[in-house]
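Participant: First, the structure itself, so that you have it in front of you.
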Amino acid sequence: MPNLLTPVAIWVGRRDAARENSHLVVSLDQRLSKATRGRMPLLRIAGLPTLTLHVPGRKSRVERSTPLLCASWRNGFVIVGSNWGDAKAPVWVHNLRAAGEGEVAMSVHGVRLKVDVREITDADRSSAWRAAVRTWPNYEIYASRTTRQLPIFHLTPRL
């Protein structure tokens with residue numbers, strides 16, 4: 001049964017007001033995710049697939065947890081560093097790029113898994129992008145708002 005809130009979430013995500021108040025959306029999402037131990041982040045209420053990324057800060061080395069929209073792709077998930085189309089990438093992108101092997105985990109439905117991470121910059125990029133846009137069409141809008149190429153990461157559970 002489709003979630004009736006999904007089109008509403010996509011519509012809200014297109015609005016400039018959502019981007020301008022993104023700190024409020026992120027804060028609410030983090031609190032909700034923490035309160036439900038990762039089982040019910042904000043976007044999941046709207047019927048969208050989410051995960052919580054756990055990665056050490058590149059300077060502090062303190063673990064940072066960020067709820068993110070994700071899309072199934074190949075044998076894992078893709079996440080996009082869109083930051084609503086802002087000129088700067090989100091902080092988690094820099095942390096992910098600086099993380100060492102075995103330092104990154106994700107939680108899905110409250111289950112935490114270590115993951116291997118690969119930034120997609122090659123021929124796979126168009127396929128991963130299509131998967132992300134099928135899940136969240138607003139990525140096309142966000143890409144048009146900035147001159148930077150939105151980074152895409154592939155997360156696969158470690159065996």
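The values are calculated or read from the model by the stated rules, or taken from the named source; none is laboratory data. Bear in mind the structure is a predicted one, so any value in this text is a computation, not a measurement. In this analysis, Cβ positions are derived from the backbone assuming ideal geometry, glycine residues included, and neighbour counts consider all displayed protein chains.
Participant: If I filter the range 105-121 for residues that are under 27 Å from Leu24 (Cα atoms) and in a loop (DSSP other than H, G, I, E, B), do I get at least one hit?
Facilitator: Checked the range 105-121: at least one residue is under 27 Å from Leu24 (Cα atoms) and in a loop (DSSP other than H, G, I, E, B).
Participant: May I pose another question? Looking at the structure I just gave you, is Gly38 of a type outside the set (Asp, Glu), surrounded by 14 or more Cβ atoms within 10 Å (Cβ to Cβ), at pLDDT 80 or above and closer than 25 Å to Val117 by Cβ? Explain how you work it out, then say what you get.
Facilitator: Values: of a type outside the set (Asp, Glu): yes; surrounded by 14 or more Cβ atoms within 10 Å (Cβ to Cβ): yes; at pLDDT 80 or above: no; closer than 25 Å to Val117 by Cβ: yes.
Against the criterion (of a type outside the set (Asp, Glu), surrounded by 14 or more Cβ atoms within 10 Å (Cβ to Cβ), at pLDDT 80 or above and closer than 25 Å to Val117 by Cβ), Gly38 does not qualify.
Participant: For the range 1-10: of the residues being of a type in the set (A, V, I, L, M, F, W, C) and more than 18 Å from the chain's Cα centre (by Cα), which is modelled with the highest pLDDT?
Facilitator: Restricting to residues being of a type in the set (A, V, I, L, M, F, W, C) and more than 18 Å from the chain's Cα centre (by Cα), the top hit is Leu5.
Participant: How many residues does the range 64-73 hold that are modelled with pLDDT of 95 or more and either assigned to a loop (DSSP other than H, G, I, E, B) or charged (D, E, K, R) (or both)?
Facilitator: Of the residues in that region, 1 qualify.
Participant: Consider Thr52 carefully, then state whether it is polar (S, T, N, Q), out of contact with any Lys or Arg (no Cβ under 6 Å at 6 or more places or on another chain) and surrounded by fewer than 20 Cβ atoms within 10 Å (Cβ to Cβ).
Facilitator: Taking the combined requirement at face value, the residue does not satisfy it.
Participant: Looking only at the range 105-149, which residues are of a type in the set (A, V, I, L, M) and loosely packed, with under 14 Cβ neighbours inside 10 Å?
Facilitator: Val111, Ala123, listed by residue number.
Participant: Being at positive phi and among the hydrophobic types (A, V, I, L, M, F, W, C) narrows it down to one of Trp73, Trp92, Trp84, so name that one.
Facilitator: None of the other options fit; the residue is Trp84.
Participant: Do we find that Val78 is assigned to a strand (DSSP E or B) and hydrophobic (A, V, I, L, M, F, W, C) in this structure? Reasoning before the result, please.
Facilitator: Numbers: assigned to a strand (DSSP E or B): yes; hydrophobic (A, V, I, L, M, F, W, C): yes.
So Val78 fits the description; yes.
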